[in-house]
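The values are calculated or read from the model by the stated rules, or taken from the named source; none is laboratory data. Keep in mind it's a predicted model, so treat the numbers as computed, not measured. No Cβ is skipped: glycine too gets one built from the backbone with ideal geometry, and neighbour counts run over all protein chains shown.
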């Protein structure tokens with residue numbers, strides 16, 4: 001029987017009414033895997049390829065044929081906006097089949113939540129944080145709610161692969177399954193997965209099942225891609241400096257975006273909220289200066305719900321010609337209709353992010369379209385060589401080429417020691433389950449698959465420390481319960497999330513909520529929020545409120561290089577960009593000229609060939625071409641293992657690109673000393689500074705110092721990759 005015929009009649013009717021002529025390849029493959037196996041399933045296909053329907057058509061069919069006695073399918077997504085969007089889509093599909101679709105997050109009414117609690121059924125859509133809260137506060141109801149749970153769908157699974165939030169998601173699925181006495185199949189969805197086998201193992205952890213990964217024929221890459229470079233002031237790389245270049249624009253890169261968004265519906269992506277605010281503010285100033293109506297909206301995580309929803313509703317309108325400036329909040333799968341083009345200010349940190357952002361475009365038969373805008377200040381006359389290299393331009397080219405040449409995307413992060421998450425899950429388990437012995441607590445927490453690298457000794461150290469600081473209290477009969485300090489942590493609504501949250505202040509103009517900022521500025525200072533400029537009138541420290549009024553003006557943007565989580569493969573491709581003579585067809589004139597300048601400088605200095613460059617006198621520059629965590633390990637290796645022998649002074653880094661220092665040895669002696677030190681066994685713990693307690697994840701400050709240090713040294717610093725790559729480079 002073909003897959004279409006296997007679907008429930010109401011789904012077949014839905015397909016007819018939608019005007020589909022045939023099932024897409026991903027839908028046929030998913031139907032075969034879900035109907036005909038008992039395995040987990042990973043669906044990896046391009047954006048707008050129909051993955052959601054591919055997963056849910058067979059799930060809904062099976063649920064209609066044999067209705068579950070509780071929630072039958074749990075849908076976990078990283079964003080509330082994505083849940084709200086999919087809630088409407090799934091309701092349209094499920095209504096005819098009599099299958100209830102529920103959603104549960106902070107914006108859902110209590111009456112809707114009560115209805116679900118009374119009559120659990122159908123499909124529940126939820127974020128990891130809301131599911132954590134449910135496990136904590138509805139602990140006794142979990143068997144009633146999920147006693148017949150059959151499927152867990154994890155949407156945008158790539159966003160859960162490289163940090164504690166993904167680990168939390170796996171932990172709470174396992175905890176829920178144990179409480180409810182079920183072992184649901186897991187279905188992962190993503191448009192941006194490189195190593196599908198590795199992600200399949202991540203998806204299946206703790207289930208005792210394998211993962212089916214349908215192999216689909218690649219339809220090839222159909223992109224409209226361009227990359228242009230701009231100096232923020234003065235002549236551009238692609239212009240003749242002696243020629244006529246009289247027109248001066250405040251910010252040529254943003255003026256370029258301003259001109260080419262006119263008459264189109266677009267997204268403009270930035271890499272931080274602060275950058276997004278500055279970009280929006282500047283673009284609106286251009287509208288005002290040129291006497292045009294404001295056509296720019298803003299969307300990021302610190303804005304009020306009203307601002308975010310206004311932007312989402314506008315971008316969904318097919319006839320809209322407005323542009324939304326955003327961060328990663330519109331990177332994921334919310335349906336935004338037919339979007340003409342996306343702009344990216346500077347290079348994102350990952351191939352995954354580049355693909356997701358470009359994938360917002362190209363719906364309804366049109367190719368995906370991305371315009372990169374790389375921005376840079378002119379180097380000062382006395383700038384040293386590495387400061388004159390266009391790192392963002394090289395990074396952008398590397399991201400594109402890695403995918404074009406190899407279809408490479410960042411793999412899951414493995415080998416971590418997630419002590420911060422261990423604390424969180426320990427406290428959540430104890431708070432929800434009540435008093436238990438240390439052995440019972442260890443059995444419930446340490447057996448979660450995500451903690452397989454953590455020893456019982458480490459867990460014992462954690463518990464003893466938490467007892468000593470009153471996060472956990474020991475009862476007279478030897479049991480463990482939450483202590484007073486622990487209750488304060490767990491009872492705060494911020495406990496549900498494991499990602500870092502800054503202390504935020506609500507910003508208001510009279511009664512209107514504008515959003516939130518971190519660290520309030522002094523009174524009379526200007527701030528940028530909601531795409532406009534405001535003057536601070538009053539700061540209420542106790543109530544975390546900032547009052548302000550609007551003014552005209554531009555907040556200068558700080559477009560500094562931040563390290564992010566950049567993979568070593570990207571840095572290795574960047575050096576190849578400098579070394580090769582390849583012409584990339586997507587480079588526009590300024591970018592092409594700027595790359596030619598960089599290649600010429602690299603050839604003359606040996607920058608793309610030799611890892612160590614002489615800058616003059618005793619000053620040198622080391623370019624290890626390593627990702628963020630291996631680069632960090634290299635810094636520490638040089639400073640803690642080699643500094644005395646090398647006579648290092650004035651050490652400075654631009655992570656993860658280069659480090660500068662003066663030294664008292666020759667380059668030949670440098671290589672010899674480094675290789676000798678690399679041949680010695682390196683305990684990662686010796687790459688920590690004395691008395692250093694690196695705070696890397698949300699609850700690191702609470703952990704015993706020895707675990708924080710160990711988690712950073714063994715789980716963050718990539719010492720083995722550092723050793724392997726440095727040996728290769730330094731033999732040059």
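Working only within the stretch 93-108, note down all residues that are surrounded by 13 or more Cβ atoms within 10 Å (Cβ to Cβ) and without any contact (Cβ under 8 Å) to a residue 60 or more places away in the chain.
Taking the stretch 93-108 as the starting set, the residues that turn out to be surrounded by 13 or more Cβ atoms within 10 Å (Cβ to Cβ) are 93-97, 99-105, 108.
Listed by number, the residues that qualify are 94, 95, 99, 100, 101, 102, 103, 104, 105, 108.
Do we have residue 111 as surrounded by fewer than 19 Cβ atoms within 10 Å (Cβ to Cβ) and either within 29 Å of the chain's Cα centre (by Cα) or in a helix (DSSP H, G or I) (or both) here? When the stated conditions are applied, residue 111 passes them.
Results for (1) in contact with a strand residue (DSSP E or B) (Cβ under 7 Å, 6 or more places away or on another chain); (2) at negative phi; (3) at pLDDT 95 or above, shown as yes or no for each residue.
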site	(1), (2), (3)
391	no, yes, yes
409	no, yes, no
416	no, yes, no
425	no, yes, yes
429	no, yes, yes
441	yes, yes, yes
456	no, yes, yes
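Could you check, for the stretch 691-711, whether at least one of its residues is over 24 Å from the mean Cα position of the chain (by Cα), more than 30 Å from residue 490 (Cα to Cα) and outside any strand (DSSP E or B)? Checked against the condition, which is being over 24 Å from the mean Cα position of the chain (by Cα), more than 30 Å from residue 490 (Cα to Cα) and outside any strand (DSSP E or B), the stretch 691-711 yields no hits at all. Has the stretch 624-634 got any residue that is touching a strand residue (DSSP E or B) at 6+ places or on another chain (Cβ under 7 Å) and under 26 Å from residue 688 (Cβ atoms)? Within the stretch 624-634 (the criterion being touching a strand residue (DSSP E or B) at 6+ places or on another chain (Cβ under 7 Å) and under 26 Å from residue 688 (Cβ atoms)), the answer is no, since none of the residues qualifies. No other residue among 461, 489, 454, 481 is assigned to a strand (DSSP E or B) and more than 30 Å from residue 537 (Cα to Cα) apart from 481. For the stretch 628-643, the count of residues that are at pLDDT below 95, over 30 Å from residue 415 (Cβ atoms) and in contact with a helix residue (DSSP H, G or I) (Cβ under 9 Å, 6 or more places away or on another chain) is zero.
When residue 387 is tested against the conditions (1) within 23 Å of the chain's Cα centre (by Cα); (2) outside any loop (DSSP other than H, G, I, E, B), the lone failure is (1).
Just one residue in the set 626, 640, 632, 622 is assigned by TED's automatic domain parsing to the domain that holds residue 713, free of Cβ contacts under 8 Å to residues at least 60 places away in the same chain and crowded, with 20+ Cβ neighbours inside 10 Å; that residue is 622.
Taking the residues in the stretch 439-450 that are touching a helix residue (DSSP H, G or I) at 6+ places or on another chain (Cβ under 6 Å) and part of a helix (DSSP H, G or I) as candidates, determine which candidate is nearest to residue 170 (Cα to Cα). Of everything passing the filter in the stretch 439-450, 450 is nearest to residue 170 (Cα to Cα).
Taking the condition within 21 Å of residue 565 (Cβ to Cβ), part of a helix (DSSP H, G or I) and without any contact (Cβ under 8 Å) to a residue 40 or more places away in the chain, does residue 720 pass?
Details: within 21 Å of residue 565 (Cβ to Cβ): yes; part of a helix (DSSP H, G or I): yes; without any contact (Cβ under 8 Å) to a residue 40 or more places away in the chain: yes.
In short, yes.
Scanning the stretch 174-200 for residues that are over 16 Å from residue 37 (Cα atoms) and more than 20 Å from the chain's Cα centre (by Cα) turns up 174, 175, 176, 177, 178, 179, 180, 181, 182, 197.
Restricting attention to the stretch 445-473, the residues that are within 22 Å of residue 497 (Cα to Cα) and surrounded by 17 or more Cβ atoms within 10 Å (Cβ to Cβ) add up to 12.
Of all residues in the stretch 128-147, none satisfies being in a loop (DSSP other than H, G, I, E, B), within 30 Å of residue 628 (Cβ to Cβ) and either outside the structural domain of residue 62 (by TED's automatic domain parsing) or in contact with a strand residue (DSSP E or B) (Cβ under 9 Å, 6 or more places away or on another chain) (or both). I'm trying to understand the selection: among the residues of the stretch 59-91, which are assigned to a helix (DSSP H, G or I), more than 9 Å from residue 123 (Cβ to Cβ) and more than 30 Å from the chain's Cα centre (by Cα)? Correct list: 61, 62, 64, 65.
Suppose the filter is surrounded by 15 or more Cβ atoms within 10 Å (Cβ to Cβ) and at pLDDT below 95; does residue 476 pass it?
Working: surrounded by 15 or more Cβ atoms within 10 Å (Cβ to Cβ): no; at pLDDT below 95: yes.
Criteria not met by residue 476.
Screening the stretch 1-47 for helices (runs of 4 or more DSSP H) wholly inside it with 3 or more residues that are touching a helix residue (DSSP H, G or I) at 6+ places or on another chain (Cβ under 8 Å) and buried (at least 22 other Cβ atoms within 10 Å of the Cβ) returns the ranges 25-36.
Does residue 366 satisfy the criteria of being assigned to a loop (DSSP other than H, G, I, E, B), assigned by TED's automatic domain parsing to the domain that holds residue 230, without any contact (Cβ under 8 Å) to a residue 40 or more places away in the chain and over 27 Å from residue 595 (Cβ atoms)? Answer is yes for this residue.
Matching residues to (1) under 18 Å from residue 565 (Cα atoms); (2) crowded, with 22+ Cβ neighbours inside 10 Å:
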{"residue": "310", "(1), (2)": "no, no"}
{"residue": "316", "(1), (2)": "no, no"}
{"residue": "342", "(1), (2)": "no, yes"}
{"residue": "356", "(1), (2)": "yes, yes"}
{"residue": "397", "(1), (2)": "yes, yes"}
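Number of residues in the stretch 597-619 that are free of Cβ contacts under 8 Å to residues at least 24 places away in the same chain and surrounded by 15 or more Cβ atoms within 10 Å (Cβ to Cβ): the value is 1.
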